[in-house]
Amino acid sequence: MGLIPEDVIQQVIDRTNIVELIASYIPLKKTGGNYKALCPFHNEKTPSFVVTPHKQIFHCFGCHEGGNALGFVMKHERLGFAEAVRLLAGRAGVMIPESDPAVRVKDDLRQRIFQANEAVVEYYHRNLVAGKEPEVKLARDYLKSRSIDLDCVKRFRIGYAYDAWDGAAAELRQKGFSAEEILKSGLVVPREKSQGYYDRFRGRVIFPIFDYRDRALAFGARALKKDDKAKYINSPETVLYTKGQHLYGLNWAKDAIVREDAVIVVEGYMDLIRPVLAGIGNVVASLGTALTVDHVRLIRRYTRNIIMLFDMDTAGQAATLRSLDTLLEEDMNVRVAALADDEDPDSFILKDGAEAFRGRIKQAISLFDFKLSRLTAAHNAHTIEGRAVICQEMLPTIDKIPSEVVRDGYVRELASRLHIPEDAVAKERRRLGGMAVAARPRVEQDHLNSGRAVHQQVSGRKELSPEESLLLKLMLAEPKWVAEARAVILPEDLRDDVIRRIVAKVYEVFDKEKQVGVAALVNLFDDGAVRSIITRLAQDDLVLNDQKRMFADCVRSIKGFSRKAERQRLRDAMSAAEKAGDWDAVRGFQEQFNRIIKG
Ligand SMILES: [Zn+2]
């Protein structure tokens, strides 16, 4: 990978939309959740080149070429790896550390600002924990009144910014940060009439915002004085922080999200902190903005199941409704949980406890039901006009759902709830320009057979084990299967050496990141045949299948083969020992053999 740092390559991949990229080279046609085209890498008359947006990969079913955005550019533009990274970095506005001194400085600046943020997280935190001044006591009293104790302050690294003009700034100067670095950190505000700058956050309780790797990105600050105009202010956009690209709490939540295979999305800092303190760890906060595509892509590394939790004031409703369509387009399973008008997760848990909160989460309703209930509350479904409005509002949302089976189900449901004949709804849908009933990939019926069929296509390779490729397919579909497989299957249990190599890598990445991005995974292999297997397996949509049963089937069968191979090994060893007359060894092998048979 040469001189380009790993995290910059990751950033380039994260910031590149493979659909936009490939569409700038060849025309793409949307079919369901994917895009199709005539393959640019071999001659064909019917399209077999598929781009999968939510995995950020492409795969050709004709010539088996497959990969991520980088792979596409390398192949199409005939570029080397580093050149391809540079090209995409330029498109995505990502800085690459180069021998060019000007560029080098910019990349160093990112690192310096991470360090500056970290220094200031510590500084604010120290103020709050150890400060003796009356204003610090006031801040601690405020937190106590919100039921936030010292353990919690430490866990979330909460801090306090003195009501002074030169607190964080002085700390940074003292730690050797330059004026430019201090200004670009967003922690200070430049003076208008003279040189210099002053602290942005003054007299406020500070909530540091970290990225999913625990690096301090930005800060949220809550006012303590009643006369402060803004209750919360946040860091401005910096080289590290862009509004709508990060989720508060993801660094703490990622393990729990994978374990629960679901994430609860709340609005504010306290909405997140309270459930986490109550033992509900799979929570992230969007910090007041509607969910963006970037948010959804971050979440999808860990799960496809989102529970949106909003207080039902007007802002909450508008934000929820705005974010609905994005979620559907990105192929997430979304439910909505509601609290009463004057409640938020913090106040609810303090009043009614964690169990009641869990109950609300369990009662979360589908997005379809949520939107329909909002609309029927706003428009009279007993009148023809009311029904027409509801229908017109619901249909575009339904059409965003990638699965045709689910979409058709909702169209029927809508017709029945509004007491309109189904074909009238269908007609309205066509009139509104709903998607034509395009051919979509059929849901796999016999998953094991289809696994076998796949690998007969991979030219020049022996057939892969169907259960091993299905296991890998599951792991590439949902991180929770990596967590489960990690506990029961060792790479050594796998017979196919290519799958064994891929699975070992998947485990390694998962241990570090708690997620496995397919687009990033293909980067780790130079061998085109291996990349092709990964992109092919990651293509399949497994959502509608019984993944739990499939997983259990795979594990049972892989374990069975692995035990059989072990028995054979012991039998061979036993007969060798017999020939050599080593009876102790024979007894030892016999015992091991018996254990396996019992196990
Ligand atoms: Zn092709």
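What follows draws every value from the coordinates through simple rules; no lab data is involved. Just so it is clear, the structure is predicted and the values come from calculations on it, not from any experiment. Backbone-built Cβ (ideal geometry, glycine too); neighbour counts: all protein chains shown.
Treating only the Cα positions of the range 111-211 as identical point scatterers, give the base-10 log of I(q)/I(0) from the Debye formula at each q in 0.10 Å⁻¹.
One equal scatterer on each Cα of the range 111-211 leads to -0.28.
Shape verdict for the range 484-542, please, from the Cα gyration tensor: rounded (a/c under 1.5), prolate (a/b greater than b/c) or oblate.
Values: a/c = 1.44, a/b = 1.20, b/c = 1.19.
Cα axes put the range 484-542 in the rounded bin.
With both bridge residues required to lie in the chain, what share of the DSSP beta bridges run antiparallel, to the nearest 5%? List each step's numbers first, then the result.
Numbers: 31 of 44 bridges.
Rounded to the nearest five, the antiparallel share is 70 percent.
Give 154/175; 55/184; 55/231; 36/400; 254/564 a once-over and call out the pairs whose C-alpha atoms are over 29 Å from each other.
On the way: 154/175 23 Å; 55/184 34 Å; 55/231 39 Å; 36/400 18 Å; 254/564 37 Å.
Pairs exceeding 29 Å: 55/184; 55/231; 254/564.
With 10 angstrom as the radius, rank 177, 72 by how many other C-beta atoms surround their C-beta, starting from the fewest. Before the final figure, lay out each step's value.
Working: 177 22, 72 25.
Exposure proxy ranking, most exposed first: 177, 72.
Under 5 Å between amide H atoms, partner at least 5 residues away or on a different chain: which partners does residue 310 have, H built in plane at 1.01 Å?
Those qualifying (amide H under 5 Å, at least 5 residues apart or on another chain) are 337, 339.
Where does the chain land at 222 nm, in deg cm²/dmol rounded to the nearest 500, when only DSSP H runs of n ≥ 4 count, each adding -39500 (n - 2.57), divided by all residues? Can you show the working numbers first?
On the way: 26 runs with 331 residues, N = 599.
Estimated from H runs of four or more residues: -17500 deg cm²/dmol.
Under 19 Å between alpha carbons, and skipping anything fewer than 8 positions from residue 75 in its own chain: which aspartates and glutamates qualify?
Qualifying aspartates and glutamates at Cα under 19 Å: 20, 44, 65, 83, 526, 527.
By how many degrees, 0 to 90 and rounded to 10, does the Cα axis of helix 6-15 deviate from the longest principal axis of the chain?
The two axes meet at around 80 degrees.
What share of Cα pairs, in percent, lie more than 13 angstrom apart in the range 344-400?
Numbers: 1073 of 1596 pairs.
In whole percent, the share of Cα-Cα pairs in the range 344-400 beyond 13 Å is 67.
With 43 Å as the cut-off, how large is the P(r) tail for the chain, expressed as percent of Cα-Cα pairs?
Working: 58342 of 179101 pairs.
Looking at the chain, the distances longer than 43 Å represent 33 percent of pairs.
Amide H neighbours of residue 188 under 5 Å, at least 5 residues apart or on other chains, H built in the peptide plane: list them.
Amide H neighbours of residue 188: 200.
What angle, in degrees between 0 and 90 and rounded to the nearest 10, separates the Cα long axis of helix 314-329 from the longest principal axis of the Cα atoms of the chain?
So the helix axis and the longest Cα principal axis differ by about 20 degrees.
To make sure I understand, if each residue's beta carbon is the centre and we count other beta carbons within 10 Å, what order do 289, 326 fall in, fewest to most? The partial results should precede the final answer.
On the way: 289 13, 326 17.
Placing the least packed residue first, the sequence is 289, 326.
List the relative contact order of the chain as a percent without decimals, with contacts defined as Cα pairs under 8 Å and 6+ residues apart. Each step should come with its number before you reach the end.
Working: 850 pairs, mean separation 63.5, N = 599.
It rounds to 11 percent for the chain.
In degrees, nearest 10, range 0 to 90: what is the angle between the Cα axis of helix 404-418 and the longest Cα principal axis of the chain?
50
From the C-alpha coordinates alone, can you work out the Kirkwood hydrodynamic radius of the range 6-92, in Å?
On the way: mean 1/r = 0.0766 Å⁻¹.
Every distinct Cα pair counted, the radius reaches 13.1 Å.
Which order do 259, 556, 563 fall in if you start with the one that has the fewest other Cβ atoms within 10 Å? Kindly include the intermediate steps, with their values, before the conclusion.
On the way: 259 17, 556 11, 563 14.
Result, fewest neighbours first: 556, 563, 259.
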